[in-house]
1. Across the chain, where is the longest run that never hits trypsin sites (Lys or Arg not before Pro) in a DSSP loop with at most 16 other C-beta atoms within 10 Å?
2. Can you compute the label reach from ASN58? Point 7 Å from Cα along the Cβ direction, backbone N cut-off under 16 Å, restricted to the stretch 79-121.
3. Taking amide H positions as placed 1.01 Å from N in the peptide plane, with prolines and chain starts having none, which residues 5 or more places from VAL48, or on another chain, fall under 5 Å of its amide H?
4. For a paramagnetic label modelled at 7 Å from the Cα of LEU47 toward its Cβ, which residues of the stretch 55-72 fall within the zone defined by backbone nitrogen distances under 11 Å?
5. Taking θ as phi - 60°, what are the ³J(HN,Hα) couplings along the stretch 71-87 by the Karplus curve (6.51, -1.76, 1.60), each to the nearest whole Hz, with x for Gly and Pro?
6. Per 0.36 nm of contour for each residue apart, how much would the distance between THR108 and GLN39 grow if the chain were fully extended, relative to their Cα-Cα spacing?
7. Could you order SER44, SER7 so the one with the most accessible surface comes first? Probe is 1.4 Å.
8. Lys and Arg at +1, Asp and Glu at -1: add these up for the other residues within a Cβ distance under 14 Å of GLY65 and post the number.
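The values are calculated or read from the model by the stated rules, or taken from the named source; none is laboratory data. The structure displayed is predicted, hence computed values, not measured ones. Here the Cβ is made from the backbone with ideal geometry for all residues, glycine too, and neighbour counts use every protein chain on show. Each accessible area value is taken on the protein alone, full model and side chains, heavy atoms only, with ligands, DNA and RNA left out. Shrake-Rupley method; radii C 1.70, N 1.55, O 1.52, S 1.80 Å.
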Amino acid sequence: QVRLVESGGGLVQPGGSLILSCASSGNIFGADSMSWFRQVPGKSRELVATITSGGSANYADSLKGRFTISRDNAKNTVYLQLNSLEPEDTAVYYCNAILRVGFNRTPTNYWGRGTQVTVSS
């Protein structure tokens, strides 16, 4: 069974930092794009950042300069470094990836279950 599992969330004070990780497991033969989204109650899930298999990254305009996405292709794992956190960054952060799975290495979209990030003093 293919899974994405996020970790690294928690409670942090304003101005603090966190590193989120998303590890994939199962019958995987590589990953295409990998992304982080976030969602607060009552609002739509929004894209935070995306990184291609070649390492090209794109960010939501409002988050540029504070967040950094990276990946380890050997581990099919994606990371999100969150710096200078603000209370408005409080959300559930979800990992999303296009993984090559199965005998035919079919590109398939997967979501993790999310990890809570709370920014509060």
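1. 1-42
2. Residues 96-98 qualify, since their backbone N sits under 16 Å from the label point.
3. The list, which skips near neighbours in sequence, is TRP36, PHE37, ARG38.
4. Correct set: 58-61.
5. The phi angles translate into 8, 10, 5, 5, 9, 6, 10, 10, 10, 9, 8, 10, 10, 6, 5, 10, x Hz.
6. Here the answer is 22.6 nm.
7. SER44, SER7
8. Summing Lys/Arg as +1 and Asp/Glu as -1 gives -1.
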